[in-house]
Amino acid sequence: MTTESPRSPKVSLGSLVSGYLGDLGPEEFLESMDFTDLDLTEIDSTQATFLDCSLSRVNFGEAESPVNLTGARFSGTRIEESRADTWMMPRGGLNRTEITGTRIGAGVVHDNVWEKVRFENCRITYLNLRGAKLTDVEFRDCVIDEIDLDRAKVSRVAFSGSNVGAFQCEGAILGNVDLRGLQPHKISGVHSLRGATIDEMQLMLFAELFAQELGITVE
């Protein structure tokens, strides 16, 4: 059976108008706007919608005072060369969205819904996607220290050219998840890897991790 690849987001932005801090707020609907070189520290954008927008060189706030994007939705949007010490967006969503060259410390994005999303050349310390639903998501040439997919529903997700330190998927439901090439030093939830694809080299590399997770003694 062939593993299906994620479908591309195909972001195409037309003419954009400049966006400013004053445009951001709870439940705001922001369409075809360009936010560049802004510091969003402590901004409240809960339940906001970003449609066909561009965010470039944006600071999503310091670790203790991030922009609040709880329940926010990004669609047809491109985020590039930005920084988020803490990306605070629980119960939010990404649809047809590209994120490139961005540094994320702690990604608090549990219970999100992502569809047709690509991360490229991003550096992520910790990505909390517990309880999320991911469809057609690609992490391309990224470095991720830890990704937590506990209880997530994951379909057509790939990590092409990426490095992941710890991969957690306790209670996850996986389908067409391509893990080939990854060499995580820790895997939690081995029994939930049904629906994932690995290569023969990984099978040998992960043998000890699989044995530990399944309580098998190898002597």
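Bear in mind these aren't lab numbers, they're just calculated from the coordinates by the rules spelled out. This is a predicted model, so every value here is computed, not measured. A quick note on method: Cβ atoms are made from the backbone with ideal geometry, for glycine too, and the neighbour counts reach across all protein chains shown.
Using the Kirkwood radius over C-alpha pairs as Rh, can you work out the diffusion coefficient of the stretch 89-219 via Stokes-Einstein at 10 °C, viscosity 1.306 mPa s, in µm² per second? Display every interim value, and only then the final one.
Working: Rh = 14.7 Å.
For these conditions, the coefficient is 108 µm²/s.
What's the whole-number percent of alpha carbon pairs in the chain lying beyond 32 angstrom? Don't jump to the answer; show the numbers that get you there.
Numbers: 4539 of 23871 pairs.
That tail contains 19 percent of the Cα-Cα pairs.
Across the stretch 165-219, how large is the tail of the calculated P(r) beyond 16 Å, expressed as a percent of all Cα pairs? Walk me through the numbers on the way to the answer.
On the way: 575 of 1485 pairs.
So the pairs more than 16 Å apart make up 39 percent of the total in the stretch 165-219.
What is the sum of charges, Lys and Arg at +1 and Asp and Glu at -1, for the other residues whose Cβ falls under 11 Å from the Cβ of residue 130? Could the numbers behind the result be given before it?
Details: positive: 151; negative: 111, 148, 150, 170.
Every neighbour counted, the sum reads -3.
Which FRET efficiency value, to the nearest 0.05, is calculated for residue 23 and residue 166 with the Förster distance at 35 angstrom and r the Cβ-Cβ distance? Don't skip to the answer; put the middle values down first.
Values: r = 38 Å, r/R0 = 1.09.
Working from the Cβ atoms, E equals 0.40.
Report the Cα centroid-to-centroid distance between the stretch 162-180 and the stretch 1-48 in angstrom, as an integer.
Cα centroid of the stretch 162-180 versus Cα centroid of the stretch 1-48: 27 Å apart.
Could you line up 142, 53 from fewest to most neighbouring Cβ atoms inside 10 Å?
Arranged by neighbour count, lowest to highest, 142, 53 become 53, 142.
To the nearest 0.05, how large is the calculated FRET efficiency for residue 51 and residue 173 if R₀ is 35 Å and r is the Cβ-Cβ distance? Could the numbers behind the result be given before it?
Numbers: r = 30 Å, r/R0 = 0.84.
Working from the Cβ atoms, E equals 0.75.
Amide H to amide H under 5 Å from residue 163: which residues, 5+ apart in sequence or cross-chain, H placed 1.01 Å off N in plane?
HN-HN under 5 Å from residue 163: 142, 143, 144.
Listing 80, 4, 219 from the residue with the fewest other Cβ atoms within 10 Å to the one with the most, what is the order? Spell out each step's value before the answer.
Values: 80 18, 4 14, 219 2.
Exposure proxy ranking, most exposed first: 219, 4, 80.
Please state the relative contact order of the chain as a whole percent: Cα pairs under 8 Å, 6+ residues apart? Could the numbers behind the result be given before it?
Numbers: 711 pairs, mean separation 27.1, N = 219.
Relative contact order of the chain: 12 percent.
So how strong a dipole does the stretch 25-214 carry about its Cα centre when Lys and Arg Cβ are +1 and Asp and Glu Cβ are -1, to the nearest 20 debye?
Numbers: 19 positive and 31 negative charges, 130 e Å.
About 620 debye.
So for 135, 102, fewest C-beta neighbours within 10 Å to most, what's the order?
135, 102
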